[in-house]
Amino acid sequence: MAKEALLKYLEEGLKHVLCVNLDPATQESVNAAIAMFIIENASRYSEKELITHFNTMEKGLIRFIDYIESSIVMDKTSLAIH
């Protein structure tokens, strides 16, 4: 499976799991966060690494949550510095 197809599959899977029963505004925010995760994190992996690191939805969710948590920490750090 090509890398782009794997990334799209990951993105759609995360959206399916995380956006169930959300109001439209929240769903839009979650979709944006997922898109940034794909661009800034998951796309850096090779095809083989994607298969290894994201072979279950649980692994994908854990990596997504880690990404969100580190983004929040970075945002708070930059706010404290300025």
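The values are calculated or read from the model by the stated rules, or taken from the named source; none is laboratory data. Being a predicted model, the structure only gives us computed values, none of them experimental. Glycine also receives a Cβ, built like all others from the backbone with ideal geometry; neighbour counts cover every protein chain displayed.
Numbers at a glance
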quantity: Selection count where residues are closer than 15 Å to Gly13 by Cα and either among the acidic types (Asp, Glu) or part of a helix (DSSP H, G or I) (or both), scope segment 37-64; calculated: 14
quantity: Residue within segment 21-32 that is surrounded by 13 or more Cβ atoms within 10 Å (Cβ to Cβ), under 16 Å from Leu7 (Cβ atoms) and either in contact with a helix residue (DSSP H, G or I) (Cβ under 9 Å, 6 or more places away or on another chain) or modelled with pLDDT of 95 or more (or both) present; calculated: yes
quantity: Filtered residue count, segment 1-18, keeping only those that are hydrophobic (A, V, I, L, M, F, W, C) and surrounded by 15 or more Cβ atoms within 10 Å (Cβ to Cβ); calculated: 5
quantity: Subset tally (residues that are within 8 Å of the chain's Cα centre (by Cα) and either within 18 Å of Ile72 (Cα to Cα) or β-branched (Val, Ile, Thr) (or both)) for segment 10-41; calculated: 7
